[in-house]
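**Student:** Let me give you the structure first, and then I'll get to my questions.
All of the numbers you see were taken from the coordinates with simple rules; none came from a lab. Quick caveat: nothing in here was measured; it's all calculated off a predicted structure. As a convention, Cβ positions derive from the backbone with ideal geometry for all residues, glycine included, and neighbour counts pool all protein chains shown.
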Ligand code: HEC
């Protein structure tokens, strides 16, 4: 009986050992941490990222008009995001609960955070960027500059709308007013 108990205990501890080493291996390969220097830069990186996208799209809007600006976003939004990410040696992308491009659909945790930011906004709280489980998130709020391409029918540009309908038949990213949560900028370390 005693031997049986002893071997049971040994088996149990062996199992626990395997379990422990497994989880360490899983966490180190799945989640890479930001370095302290990267972490210090994150608020500035997300701000610069938002500003560069807005600058790029506004320049196109005023020089070439809304239709060409949408076509530009269609071709270049993802490569532009990638090039900014590469310059910072980080992974950066945008997600939305109402995506225009289905490649920008959120994960379950990203969607939960979007909903959290929406509630906070309704309650009049100030929205802060957040760092959770090694991922940095920054809310994207609509300004007047977004509405020609993401707004309600009274401020959506008809020329933009025509191109949006053609390029994104399943578009969900319209109907916004100023000051709403449009989505998130997500930043992670490079794998
Ligand atoms: C010239 C039209 C235009 C303007 C202005 C514009 N966007 Fe967009 N936006 C687009 C297009 C087109 C896409 C889809 C890009 C793609 O295919 O990845 C997009 C995608 C996005 C996405 C990624 C999620 C999704 O829906 O696919 C976010 C977030 C976003 N826009 C936020 C904004 C915000 C915030 C502003 C204002 C500061 C803004 N946009 C201004 C045209 C525009």
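**Student:** Could you pull out which residues in segment 83-116 have an amide N less than 19 Å from a spot 7 Å beyond the Cα of residue 63, following the Cα-Cβ vector?
**Tutor:** Only 83-84 fall inside the zone, counting backbone N under 19 Å.
**Student:** Could you rank the peptides 93-100, 127-134 by their average count of other C-beta atoms within 10 Å per residue, with the highest value first?
**Tutor:** 93-100, 127-134
**Student:** Would you mind calculating the gained length between residue 111 and residue 170 on full extension (0.36 nm times residue separation, minus the Cα-Cα distance), in nm to one decimal?
**Tutor:** Value of the extension gain: 19.4 nm.
**Student:** What residues of segment 167-191 lie in the reach of a label at residue 120, counting those whose backbone N is under 19 Å from a point 7 Å from the Cα along Cα→Cβ?
**Tutor:** Counting backbone N atoms under 19 Å from the label point, the list is 179-188.
**Student:** Would you mind calculating the relative contact order of segment 36-189 from Cα pairs under 8 angstrom and at least 6 residues apart, reporting the percent as a whole number?
**Tutor:** Over segment 36-189, the number comes to 30 percent.
**Student:** Please compute the length gained on full extension between residue 162 and residue 76, using 0.36 nm multiplied by the number of residues separating them and subtracting their Cα-Cα distance.
**Tutor:** 29.1 nm
**Student:** Quote the FRET efficiency, to the nearest 0.05, computed for residue 32 versus residue 154 with a Förster distance R0 of 41 Å and r equal to the Cβ-Cβ distance.
**Tutor:** 0.35
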